């Protein structure tokens, strides 16, 4: 009887591992093919599938440059937008969250409930009104229109609030007040260092979101010198590149590899961040 | 002291001021502006449009393309959401099962989540290349004898739709696993131990303990996925020609809005009305789900306390 139970468990375990491996293959193979094909020439790609990298990386880069697609500049633009977005999001979200957590002002409850509602409201659907308004202000084709709205990043404030509630130490703040520190000084010098792990999580999400953002950039940015990577990716589908498979894969790989590297370094922050956003206490 | 702390609490307003100001400028006003534009015939060429009442909305409801886009968006979302939660639930149960004792759960979970972080625009372009006429999928299928000759996958309605659904599933099931595991591990173990003593089967335990206690988290997954799904753009836009081809089968709400916006005259009035309608459709559905299921949930937890 007991042996039978054990046997069934083992059989089940084998079955589970087989399913997991199949799903893993489905998950990873497209990404691996993308990275490998970026290093293969178009001829090699047409000859057949291979999971081994080849030696045509720079050749492919040359083809892209030759067709007027400046991958390096796109990378720089994306990096600038993503880093600026990250800094703005983290600083202002922590500032707002700190205000909610530490002070008991009138309307505080209402304000924090309002933020939860804002998280649920799809802002992307107000993009047309946003575009017209930005063009009146002369901010279209300007990164400011992508970055400044992040001062009011509701999702990030919500996360920040959850996080600060678990790390804020009121005694420490009071002690600093006795020592004559200003309120904003306390936030900068005492709160920020304490909040580093939470800020990391927040920052990684802000970076990835900005790096991957296609729709807003596609609508707001128009001059080619300012194109970010997702916009360049979109042009890769054009006829000019129809037969240059290696170059296309390289263009795609450049957008994906930095994110994979960030993930490899910081995956625990990301996993804990997602779990924390959904499970309260 | 009390006086001082009361005064100090005004600093709260200073701390939230940047958020409030930025929200008014970049959040609230654009929403108002979009709604206002949706009642006009404004174009990108004209500085201000004429007020035309509900005409944009009447046109949309009479427009097969719009109705088709709404239908497609729901179809693509629902058909990705069901297997997404189903498979994520199955894997999460396996990962948290003490008897199975799966090794390196963290590693599996981290790998399954990876596609979620990749740029959707690049993912769409990748699958476009993989499934193109001369792409690796055709190569593989022809050489191994599954297909007599290469196929134009992306000109077939069913294949293209399935591909969009697959990509959405591929990008999101890992995130759902992380959320569900977090929810399942927060359920107190003694509940299961007591059930085991009473001789409950694992199916019974799942139905009577795991599922009810997971409900708030499932609502969260449901609502966030719905809000995201109704805005689906990058994947269907970049997988084919950006007009929902073949034959409008993957035309979504946001693609239609973009097409109206980018048409030669730039009908931002009409584009806004698409945005506004989808905005209300999504918000109403999300709030309804939230409200409806929340109420029931607090009622059951009250009766459980008694």
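The values are calculated or read from the model by the stated rules, or taken from the named source; none is laboratory data. Please read all numbers here as calculations on a predicted model, not as lab measurements. Glycine also receives a Cβ, built like all others from the backbone with ideal geometry; neighbour counts cover every protein chain displayed.
Here are a few things to note about the model shown:
- In the condition set (1) within 30 Å of residue A:128 (Cα to Cα); (2) outside the structural domain of residue A:170 (by TED's automatic domain parsing); (3) without any contact (Cβ under 8 Å) to a residue 24 or more places away in the chain, residue A:224 is compliant with all but (2).
- Applying the condition of being touching a residue at least 12 places away in the same chain (Cβ under 8 Å) and within 26 Å of the chain's Cα centre (by Cα) to segment A:234-245 and asking which residue is surrounded by the most Cβ atoms within 10 Å (Cβ to Cβ) yields A:236.
- Residue match in segment A:135-142 (condition: in contact (Cβ under 8 Å) with a residue 12 or more places away in the chain and part of a helix (DSSP H, G or I)): no
- Test: residue in segment B:134-147 that is surrounded by fewer than 16 Cβ atoms within 10 Å (Cβ to Cβ), at positive phi and without any contact (Cβ under 8 Å) to a residue 40 or more places away in the chain: yes
- Tally of residues being touching a residue at least 40 places away in the same chain (Cβ under 8 Å) and either surrounded by fewer than 16 Cβ atoms within 10 Å (Cβ to Cβ) or within 7 Å of chain A (Cβ to nearest Cβ) (or both) across segment B:93-108: 0
- Screening segment B:267-285 for residues that are under 21 Å from residue B:223 (Cα atoms) and facing chain A (nearest Cβ under 7 Å) and picking the one that is farthest from the chain's Cα centre (by Cα) gives B:275.
- Residues satisfying the stated conditions in segment A:34-49, i.e. at pLDDT 80 or above and in a loop (DSSP other than H, G, I, E, B): A:38, A:39, A:40, A:41
- Checked against the criteria, residue A:240 does not count as part of a helix (DSSP H, G or I) and within 8 Å of another protein chain (Cβ to nearest Cβ).
- The requirement of being at pLDDT 95 or above, within 11 Å of chain A (Cβ to nearest Cβ) and in contact with a helix residue (DSSP H, G or I) (Cβ under 6 Å, 6 or more places away or on another chain) is fulfilled nowhere in segment B:127-135; no residue meets it.
- Every pair of residues 6+ apart whose Cβ atoms lie under 8 Å, when the first sits in segment A:95-119 and is closer than 27 Å to residue B:282 by Cα and facing chain B (nearest Cβ under 7 Å) while the second is at pLDDT 90 or above and in a helix (DSSP H, G or I): A:111/A:100; A:111/B:16
- Top-ranked residue of segment B:166-191 - restricted to ones that are within 16 Å of the chain's Cα centre (by Cα) and away from chain A (no Cβ under 11 Å), ranked as surrounded by the most Cβ atoms within 10 Å (Cβ to Cβ): B:168
- Yes/no for residue B:163 being more than 11 Å from chain A (Cβ to nearest Cβ), within 22 Å of residue B:175 (Cα to Cα), buried (at least 20 other Cβ atoms within 10 Å of the Cβ) and touching a helix residue (DSSP H, G or I) at 6+ places or on another chain (Cβ under 7 Å): yes
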